[in-house]
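What follows is a single structure, and I will ask about it in a moment.
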Amino acid sequence: MNYDFDTLVERRGTRSDKWDSYPADVLPMWIADSDFRSPQPVIDAIMETARRGVFGYTRADGAFESAYAGWMRRSFGWDVAPERVLWCPSVGTALAIAIRAFTRPGDGVAMMLPIYPPFLRLCALNGREARATLLRCEDGRYRIDFADLERKLAEERTRLLLLCNPHNPTGRVFEEDELRRVGELCLKYNVVVFSDEIHGDIVFSGRHIPFPTLSPELAAVSLVGVNASKTFNLADLRSAAVLSENDALLEAFARERDSLKLGRCSLGVAGVIAAYEQCADYAEQLREYLRGNLQFAVDFLHAETPEITTRMPEGTFLLWLDCRRLGLSGNDLAAFFLEKARVALNDGETFGEGGRGFMRMNAACPRSLLEEGLRRIRRAVRG
Ligand SMILES: Cc1ncc(COP(=O)(O)O)c(C=O)c1O
């Protein structure tokens with residue numbers, strides 16, 4: 001069937017974090033949920049529970065795990081057994097659990113900046129030291145500085161690498177040889193890899209490679225965090241998963257999760273099962289719609305506001321806007337977009353080093369809304 005990504009679903013006044021955190025005349029293009037209606041089988045699955053009217057405890061009875069495993073196999077050729085899928089409320093929670101399960105207080109956690117802000121915040125909140133390497137932008141494309149990454153991995157007490165692929169916010173989809181080099185270094189220094197692959201379905205160039213599929217050796221030292229949420233707009237269903245080919249890693253992860261009493265799933269699992277088993281066509285059409293949106297935004301900014309530079313992301317529905325030529329610093333840049341343009345974007349500074357002077361824009365919305373946001377930005381830049 002053909003899905004409608006053009007019609008705006010009114011979300012103001014619904015306790016939507018995206019839409020209800022700013023005044024009504026501000027266009028929200030920040031937090032990474034989409035504005036698209038989820039596919040009908042997902043809605044039906046949730047409605048079925050709601051109609052029954054009983055919201056007692058749910059169990060993940062194997063169908064949930066099979067749905068994630070099946071999606072991995074069909075999308076990326078990763079033939080992972082359902083027994084190797086663990087329910088987790090969210091990938092954000094999984095990052096926190098991984099930090100606690102695979103490091104001790106005072107240990108180092110490697111990551112590549114700029115990065116989705118919880119990577120840094122969760123290390124700080126858990127008393128771990130972020131050992132960050134800066135992605136280097138060469139000809140507009142971010143690349144891993146392997147010499148620096150090696151230094152960070154070699155440091156005493158670096159025990160975990162939090163990888164993000166596709167990478168938020170730069171939109172990089174790491175290539176096989178890059179991932180292999182990262183993996184070799186992690187093997188060399190005995191570092192566990194937690195690979196956040198939540199944006200893995202949203203790839204426009206290259207292909208998404210789940211980290212454990214690179215080799216049996218790398219499968220043995222890695223876990224992957226995924227969530228149907230980005231693709232099908234299900235963040236509120238709180239039904240993510242962590243997968244690993246290594247039983248000991250999975251067990252350690254499950255133990256930490258359960259020690260926090262975070263192992264209980266919810267009715268959201270029904271939505272994920274419906275999405276993965278019945279809605280592959282939605283994911284395909286979404287990808288094409290997003291490709292159009294992102295290209296439109298890139299072309300618009302290039303033609304109309306050359307002070308802001310960006311390029312088509314290889315993956316994710318996020319644009320990483322280099323605003324340094326606007327000549328505004330720190331709070332002034334965020335204020336420029338919010339107060340003058342009346343669009344809410346994510347402030348690049350919150351993504352750590354390499355984020356200053358940048359803003360992140362979420363393009364997962366109807367094209368008309370995206371156009372309105374871009375027009376507002378043009379108006380603000382022009383005067
Ligand atoms: C890279 C990345 N990881 C994790 C998350 C959060 O996902 P969840 O809602 O499953 O915690 C996001 C959301 O924007 C993200 O971009």
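At a Förster radius of 51 Å, what calculated FRET efficiency corresponds to the Cβ-Cβ distance of residue 325 and residue 52, to the nearest 0.05?
Between residue 325 and residue 52 the formula returns 0.35.
So how strong a dipole does the chain carry about its Cα centre when Lys and Arg Cβ are +1 and Asp and Glu Cβ are -1, to the nearest 20 debye?
It works out to roughly 840 debye.
On to the next question. Based on the Cβ-Cβ distance of residue 8 and residue 73, what FRET efficiency does E = 1/(1 + (r/R0)^6) give at R0 = 30 Å, to the nearest 0.05?
The computed FRET efficiency comes out at 0.30.
Give, as a single signed number, the net charge of other residues whose beta carbon lies under 13 Å from the beta carbon of residue 65, with Lys and Arg counted +1 and Asp and Glu -1.
Residues near residue 65 contribute 0 overall.
Rounded to the nearest whole Å², what accessible area per residue is found for the chain with the 1.4 Å probe?
Here the per-residue accessible area is 43 Å².
Can you count the Lys pairs in the chain with C-alpha separation below 26 Å, eight or more apart or on different chains?
Summing the qualifying lysine pairs gives 4.
Using a 1.4 angstrom probe on heavy atoms only, work out the carbon and sulfur share of the accessible area of the chain in %.
Summing carbon and sulfur atoms, their accessible area is 48 percent of the total for the chain.
Step through the residues of segment 13-23 one at a time and calculate ³J(HN,Hα) from phi using the Karplus curve (6.51 cos²θ - 1.76 cosθ + 1.60, θ = phi - 60°), rounding each to whole Hz and writing x for Gly and Pro.
Rounded to whole hertz, the list is x, 10, 6, 6, 4, 5, 8, 10, 9, 10, x.
Additional query: Residue 258 to residue 20: extension gain in nm, 0.36 nm per residue of separation minus the Cα-Cα distance?
In short, 82.4 nm is gained.
Which order do peptides 149-156, 48-55 fall in by mean Cβ count within 10 Å, highest first?
Highest to lowest by the protection proxy: 149-156, 48-55.
Using the beta-carbon distance between residue 280 and residue 303 and R0 = 45 Å, what value does 1/(1 + (r/R0)^6) give for FRET efficiency, to the nearest 0.05?
FRET efficiency, residue 280 to residue 303: 0.80.
I want the local charge near residue 175. Using Cβ-Cβ distances under 14 Å, sum +1 for each Lys or Arg and -1 for each Asp or Glu among the other residues.
Residues close to residue 175 contribute a combined charge of +2.
Beyond 34 Å, what share of the Cα-Cα pairs of the chain is found? Please give it as a whole percent.
Here the tail beyond 34 Å accounts for 26 percent of pairs.
The values are calculated or read from the model by the stated rules, or taken from the named source; none is laboratory data. Remember, predicted model here, so these are calculated numbers, not experimental data. Quick reminder, even Gly has a Cβ in these numbers, built from the backbone with ideal geometry, and neighbours come from all protein chains shown. Heavy atoms of the whole protein, side chains included, go into the accessibility calculation; ligands, DNA and RNA do not. Shrake-Rupley method; radii C 1.70, N 1.55, O 1.52, S 1.80 Å.
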